[in-house]
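Working notes, beginning with the structure itself.
The values are calculated or read from the model by the stated rules, or taken from the named source; none is laboratory data. Quick caveat, the model's predicted, so the values are computed rather than measured. So basically every Cβ, Gly included, is an ideal-geometry build from the backbone, and we count neighbours across all protein chains shown.
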């Protein structure tokens, strides 16, 4: 009989997952209230990603952020948009999710319908939502830019598939 093998060496920790840009920034800083501080920091850190031959305009208004819990990116974006429009709004994320569930728009917070998102926005934010189709074609690009220039939020849906 041979002696038992030595105990296994302790496993090295798994390699650290690559943090997303916003996670890297958020992990080392407290939130900054102000219209341009965070955006300027982000743009300076990624300056090499932008074309230098273009002139850029920064239109940014501070809005509180919220890290989503589960598949709720659309609902978190709606919550943020609501607080952008009405900074003193007393609307918590739980109300947003529960209202969407009650209306049958979602099961866990995921949103698959821009139409339903517009209905939810109108109900929770007491506003008139405009649903555009056709991407940035036609007059959509100009309408979106005008809306943003007025300091209003725009929610743009995207498919979750890579």
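Quick grid of which residues meet (1) at pLDDT below 80; (2) out of contact with any strand residue (DSSP E or B) (no Cβ under 7 Å at 6 or more places or on another chain); (3) within 22 Å of residue 119 (Cα to Cα):
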{"site": "53", "(1), (2), (3)": "no, yes, no"}
{"site": "60", "(1), (2), (3)": "yes, yes, no"}
{"site": "65", "(1), (2), (3)": "yes, yes, no"}
{"site": "77", "(1), (2), (3)": "no, yes, yes"}
{"site": "81", "(1), (2), (3)": "no, yes, yes"}
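Elements of the type helices (runs of 4 or more DSSP H) sitting completely within segment 59-162 and holding at least 1 residues that are surrounded by 14 or more Cβ atoms within 10 Å (Cβ to Cβ) and more than 18 Å from the chain's Cα centre (by Cα): these cover 93-102, 114-125, 140-149. Would segment 11-30 turn up any residue that is touching a helix residue (DSSP H, G or I) at 6+ places or on another chain (Cβ under 9 Å), modelled with pLDDT under 80 and in a loop (DSSP other than H, G, I, E, B)? Yes, segment 11-30 contains at least one residue that is touching a helix residue (DSSP H, G or I) at 6+ places or on another chain (Cβ under 9 Å), modelled with pLDDT under 80 and in a loop (DSSP other than H, G, I, E, B).
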